[in-house]
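Visitor: Could you have a look at this structure, given as C-alpha coordinates, before my questions?
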Amino acid sequence: MNDHYYTSSPESAHRYAPCKYTYRGHELHFTTDAGVFSRGEVDFGTDVLLRALPENLAGRVLDLGCGWGPVGISIGKNWPGCAIVMSDVNERALSLAAKNARDNGVTAQTVISSGLDNVPGEFDFIITNPPIRAGKQVIYAMFAQSARQLRDQGEMYLVIRKQQGAESAIKYLKTIFNEVDTIEKSGGFWIIRCRGGKKE
(Lines give C-alpha, C1' and ligand atoms only; values in the text may rest on other atoms or scores of the structure.)
Protein backbone atom coordinates (compact mmCIF):
# COMPACT_ATOMS: atom_id res chain seq x y z
CA MET A 1 0.00 0.00 0.00
CA ASN A 2 1.32 3.43 -0.88
CA ASP A 3 1.84 5.90 1.93
CA HIS A 4 -0.05 9.16 1.87
CA TYR A 5 1.34 12.26 3.52
CA TYR A 6 -1.58 12.03 5.98
CA THR A 7 -0.62 8.44 6.96
CA SER A 8 0.18 8.34 10.68
CA SER A 9 3.14 5.93 10.38
CA PRO A 10 4.63 5.89 6.86
CA GLU A 11 6.35 2.64 5.91
CA SER A 12 8.01 3.81 2.69
CA ALA A 13 11.80 3.66 2.57
CA HIS A 14 13.55 6.82 3.70
CA ARG A 15 14.74 9.05 0.88
CA TYR A 16 16.07 12.17 2.56
CA ALA A 17 16.33 15.33 0.49
CA PRO A 18 17.61 18.77 1.52
CA CYS A 19 15.57 21.90 0.90
CA LYS A 20 16.62 25.54 1.04
CA TYR A 21 14.06 28.30 1.36
CA THR A 22 14.37 32.05 1.88
CA TYR A 23 11.62 33.82 3.81
CA ARG A 24 11.62 37.58 4.40
CA GLY A 25 15.42 37.66 4.29
CA HIS A 26 15.98 34.52 6.37
CA GLU A 27 17.75 31.61 4.67
CA LEU A 28 16.34 28.36 6.01
CA HIS A 29 17.63 24.81 5.54
CA PHE A 30 15.36 21.79 5.88
CA THR A 31 15.59 18.01 5.73
CA THR A 32 12.68 16.32 3.95
CA ASP A 33 11.88 12.68 3.26
CA ALA A 34 9.67 10.23 1.42
CA GLY A 35 6.26 9.62 2.98
CA VAL A 36 5.71 13.30 3.76
CA PHE A 37 4.15 16.14 1.80
CA SER A 38 6.30 17.98 -0.76
CA ARG A 39 9.62 16.16 -0.49
CA GLY A 40 12.56 18.33 -1.49
CA GLU A 41 10.85 21.68 -1.88
CA VAL A 42 8.46 24.19 -0.37
CA ASP A 43 5.38 23.71 -2.53
CA PHE A 44 3.88 26.66 -4.37
CA GLY A 45 0.73 26.85 -2.26
CA THR A 46 2.69 26.99 1.00
CA ASP A 47 4.94 29.70 -0.46
CA VAL A 48 1.92 31.81 -1.48
CA LEU A 49 0.41 31.28 1.99
CA LEU A 50 3.56 32.37 3.82
CA ARG A 51 4.01 35.46 1.67
CA ALA A 52 0.38 36.51 2.24
CA LEU A 53 0.71 36.61 6.03
CA PRO A 54 0.42 40.01 7.73
CA GLU A 55 3.46 42.08 8.65
CA ASN A 56 2.99 41.48 12.37
CA LEU A 57 2.38 38.13 14.00
CA ALA A 58 2.42 37.72 17.76
CA GLY A 59 1.18 35.40 20.47
CA ARG A 60 0.47 31.69 20.18
CA VAL A 61 0.65 30.37 16.61
CA LEU A 62 -0.40 26.91 15.39
CA ASP A 63 0.99 25.40 12.20
CA LEU A 64 -1.83 22.89 11.66
CA GLY A 65 -0.81 19.90 9.54
CA CYS A 66 2.77 21.12 9.61
CA GLY A 67 4.45 18.41 7.53
CA TRP A 68 8.22 18.84 7.85
CA GLY A 69 7.68 22.35 9.19
CA PRO A 70 8.18 25.09 6.59
CA VAL A 71 5.31 27.27 7.82
CA GLY A 72 5.90 27.14 11.57
CA ILE A 73 9.67 27.41 11.23
CA SER A 74 9.50 30.32 8.79
CA ILE A 75 7.14 32.15 11.17
CA GLY A 76 9.31 31.35 14.18
CA LYS A 77 12.41 32.63 12.42
CA ASN A 78 10.84 35.91 11.29
CA TRP A 79 8.77 36.52 14.44
CA PRO A 80 10.88 34.96 17.24
CA GLY A 81 8.52 36.29 19.90
CA CYS A 82 5.74 33.96 18.78
CA ALA A 83 5.03 30.76 20.68
CA ILE A 84 5.02 28.21 17.86
CA VAL A 85 3.11 24.93 18.00
CA MET A 86 3.39 22.51 15.06
CA SER A 87 1.00 19.56 14.76
CA ASP A 88 0.62 16.70 12.29
CA VAL A 89 -0.84 13.20 12.20
CA ASN A 90 2.27 11.93 10.35
CA GLU A 91 4.93 10.81 12.86
CA ARG A 92 7.74 10.93 10.30
CA ALA A 93 6.79 14.46 9.25
CA LEU A 94 6.60 15.67 12.84
CA SER A 95 10.00 14.19 13.67
CA LEU A 96 11.45 16.09 10.71
CA ALA A 97 9.67 19.27 11.82
CA ALA A 98 11.27 19.01 15.27
CA LYS A 99 14.72 18.44 13.73
CA ASN A 100 14.26 21.28 11.24
CA ALA A 101 13.22 23.67 14.01
CA ARG A 102 16.37 22.84 15.97
CA ASP A 103 18.57 23.11 12.88
CA ASN A 104 17.20 26.59 12.13
CA GLY A 105 17.39 27.86 15.70
CA VAL A 106 13.62 28.02 16.16
CA THR A 107 11.88 27.05 19.39
CA ALA A 108 8.67 25.15 18.67
CA GLN A 109 6.43 22.62 20.39
CA THR A 110 5.51 19.60 18.24
CA VAL A 111 2.34 17.59 18.81
CA ILE A 112 1.18 14.36 17.16
CA SER A 113 -2.48 15.00 16.43
CA SER A 114 -5.27 14.27 14.01
CA GLY A 115 -6.58 17.77 13.43
CA LEU A 116 -6.58 19.53 16.81
CA ASP A 117 -7.62 16.43 18.79
CA ASN A 118 -4.43 16.47 20.91
CA VAL A 119 -3.64 20.19 20.65
CA PRO A 120 -4.58 22.05 23.85
CA GLY A 121 -5.43 25.68 24.36
CA GLU A 122 -6.40 28.63 22.20
CA PHE A 123 -4.39 30.40 19.51
CA ASP A 124 -3.93 33.92 18.19
CA PHE A 125 -3.14 32.56 14.73
CA ILE A 126 -3.78 29.23 13.05
CA ILE A 127 -1.99 28.74 9.73
CA THR A 128 -2.68 25.71 7.54
CA ASN A 129 -2.13 24.18 4.14
CA PRO A 130 -4.82 21.56 4.78
CA PRO A 131 -4.47 17.93 3.61
CA ILE A 132 -6.95 18.21 0.74
CA ARG A 133 -6.43 14.61 -0.37
CA ALA A 134 -7.58 13.37 3.04
CA GLY A 135 -11.07 14.44 1.99
CA LYS A 136 -13.61 17.15 2.71
CA GLN A 137 -14.88 15.51 5.92
CA VAL A 138 -11.38 15.58 7.43
CA ILE A 139 -10.48 19.13 6.48
CA TYR A 140 -13.87 20.60 7.41
CA ALA A 141 -13.52 18.99 10.84
CA MET A 142 -10.12 20.71 11.12
CA PHE A 143 -11.72 24.03 10.24
CA ALA A 144 -14.46 23.56 12.85
CA GLN A 145 -11.91 22.69 15.53
CA SER A 146 -9.89 25.76 14.54
CA ALA A 147 -12.93 28.02 14.95
CA ARG A 148 -13.38 26.72 18.48
CA GLN A 149 -9.71 27.10 19.47
CA LEU A 150 -9.07 30.51 17.94
CA ARG A 151 -9.02 33.40 20.39
CA ASP A 152 -11.71 36.06 20.01
CA GLN A 153 -9.45 38.42 18.05
CA GLY A 154 -7.55 35.60 16.39
CA GLU A 155 -7.15 34.81 12.70
CA MET A 156 -6.86 31.64 10.65
CA TYR A 157 -5.06 31.67 7.31
CA LEU A 158 -5.35 28.77 4.88
CA VAL A 159 -4.51 27.97 1.29
CA ILE A 160 -6.66 25.93 -1.07
CA ARG A 161 -6.72 25.58 -4.84
CA LYS A 162 -9.78 26.78 -6.67
CA GLN A 163 -10.08 23.46 -8.51
CA GLN A 164 -9.87 21.55 -5.23
CA GLY A 165 -12.86 23.25 -3.70
CA ALA A 166 -11.94 26.77 -2.60
CA GLU A 167 -15.41 28.18 -3.29
CA SER A 168 -17.29 25.45 -1.42
CA ALA A 169 -14.77 25.69 1.45
CA ILE A 170 -15.50 29.42 1.74
CA LYS A 171 -19.23 28.71 1.96
CA TYR A 172 -18.61 26.30 4.82
CA LEU A 173 -16.15 28.61 6.58
CA LYS A 174 -18.75 31.37 6.60
CA THR A 175 -20.98 29.13 8.74
CA ILE A 176 -18.32 28.82 11.48
CA PHE A 177 -16.53 32.20 11.31
CA ASN A 178 -17.89 35.74 11.45
CA GLU A 179 -15.54 37.06 8.75
CA VAL A 180 -14.12 35.15 5.78
CA ASP A 181 -12.09 36.94 3.09
CA THR A 182 -9.98 35.85 0.14
CA ILE A 183 -6.86 37.98 0.49
CA GLU A 184 -4.67 36.56 -2.29
CA LYS A 185 -5.00 34.54 -5.49
CA SER A 186 -1.97 33.18 -7.31
CA GLY A 187 -1.58 30.33 -9.77
CA GLY A 188 -4.98 28.89 -8.89
CA PHE A 189 -4.30 28.99 -5.15
CA TRP A 190 -6.53 31.08 -2.90
CA ILE A 191 -5.43 32.41 0.47
CA ILE A 192 -8.39 32.68 2.83
CA ARG A 193 -8.43 34.64 6.11
CA CYS A 194 -11.01 33.80 8.78
CA ARG A 195 -11.82 35.85 11.87
CA GLY A 196 -14.21 35.52 14.78
CA GLY A 197 -14.74 31.81 15.25
CA LYS A 198 -18.27 30.90 16.29
CA LYS A 199 -17.86 28.74 19.37
CA GLU A 200 -21.27 27.11 19.64
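Visitor: Quick check for you: with a 1.4 Å probe and neighbouring chains kept, what is the accessible area per residue of the stretch 33-106, in Å²?
Guide: That works out to 33 Å² per residue.
Visitor: Go through the stretch 99-107 residue by residue and turn each phi into a ³J(HN,Hα) via Karplus (6.51, -1.76, 1.60, θ = phi - 60°); whole Hz please, and just put x for glycine and proline.
Guide: With coefficients 6.51, -1.76 and 1.60, one gets 5, 5, 4, 4, 5, 9, x, 10, 8 Hz.
Visitor: Okay, moving on. Which whole-Hz couplings ³J(HN,Hα) result when phi for each residue of the stretch 152-159 is put into the Karplus expression 6.51 cos²θ - 1.76 cosθ + 1.60, θ = phi - 60°, listed in order with x for Gly and Pro?
Guide: Once rounded to whole Hz, the list reads 3, 9, x, 9, 10, 10, 9, 10.
Visitor: Run the dipole for the stretch 82-156 about the Cα centre, Lys and Arg Cβ at +1, Asp and Glu Cβ at -1, nothing else charged, and hand back the magnitude in debye, nearest 20.
Guide: The dipole magnitude comes to about 260 debye.
Visitor: Considering only protein heavy atoms, what is the solvent-accessible area of Asp103 at a probe of 1.4 Å, reported in Å² to the nearest 10?
Guide: It works out to around 90 Å².
Visitor: How much net charge surrounds Trp79 when only the other residues with a Cβ under 15 Å from the Cβ of Trp79 are counted, with Lys and Arg +1 and Asp and Glu -1?
Guide: Around Trp79, the surrounding residues sum to 0.
Visitor: Sticking with this structure for a sec: I want the local charge near Leu28. Using Cβ-Cβ distances under 11 Å, sum +1 for each Lys or Arg and -1 for each Asp or Glu among the other residues.
Guide: With Lys, Arg at +1 and Asp, Glu at -1, the net is +1.
Visitor: Shape call for the stretch 1-149 from the C-alpha gyration tensor, a ≥ b ≥ c root eigenvalues: rounded (a/c under 1.5), prolate (a/b greater than b/c) or oblate?
Guide: Judged from the Cα gyration tensor, the stretch 1-149 comes out oblate (a/c at least 1.5, b/c at or above a/b).
Visitor: Tell me which residues come under 5 Å, amide H to amide H, from Ser38 once H is placed; ignore anything under 5 positions away on its chain.
Guide: Close amide H contacts, sequence-distant or interchain: none at all.
Visitor: Now a separate question. Any idea what the relative contact order of the chain is, in percent, if you count C-alpha pairs under 8 Å spaced at least 6 apart?
Guide: Here the relative contact order equals 17 percent.
Visitor: Turning to a different aspect of this structure: Quick one: which residues, 5 or more positions from Phe177 or on another chain, have an amide H under 5 Å from its amide H? H modelled 1.01 Å from N in the peptide plane, none for Pro or chain starts.
Guide: Residues meeting the amide H criterion: Lys198.
Visitor: Grab the DSSP H runs of the chain that are 4 residues or longer, score each as -39,500 (n - 2.57), total them, divide by all residues and round the 222 nm result to the nearest 500 deg cm²/dmol.
Guide: Computed mean residue ellipticity for the chain: -8500 deg cm²/dmol.
Visitor: Can you pull the percent of the chain's accessible area that's carbon plus sulfur, 1.4 Å probe, other chains left in place?
Guide: 46 percent
Visitor: Have a look at Asn104, Leu173, Tyr157 and report the one farthest towards the positive end of the charge dipole of the stretch 83-200, computed about the Cα centre with Cβ charges (Lys/Arg +1, Asp/Glu -1).
Guide: Result: Leu173.
Visitor: Hey, what do the phi angles of the stretch 173-184 turn into as Karplus ³J(HN,Hα) couplings, whole Hz, using 6.51/-1.76/1.60 and θ = phi - 60°, x for Gly and Pro?
Guide: Coupling constants for the stretch 173-184: 4, 5, 7, 10, 10, 6, 10, 9, 10, 8, 9, 7 Hz.
Visitor: Please report, in debye to the nearest 20, how large the charge dipole of the stretch 1-141 is about its Cα centre when each Lys and Arg carries +1 at its beta carbon and each Asp and Glu carries -1 there.
Guide: 180 debye
Visitor: Only sites in a loop by DSSP and with at most 15 other Cβ atoms within 10 Å count here; which trypsin sites (Lys or Arg not before Pro) in the stretch 73-155 make the cut?
Guide: none
The values are calculated or read from the model by the stated rules, or taken from the named source; none is laboratory data. Remember, predicted model here, so these are calculated numbers, not experimental data. Quick reminder, even Gly has a Cβ in these numbers, built from the backbone with ideal geometry, and neighbours come from all protein chains shown. Each accessible area value is taken on the protein alone, full model and side chains, heavy atoms only, with ligands, DNA and RNA left out. Shrake-Rupley method; radii C 1.70, N 1.55, O 1.52, S 1.80 Å.
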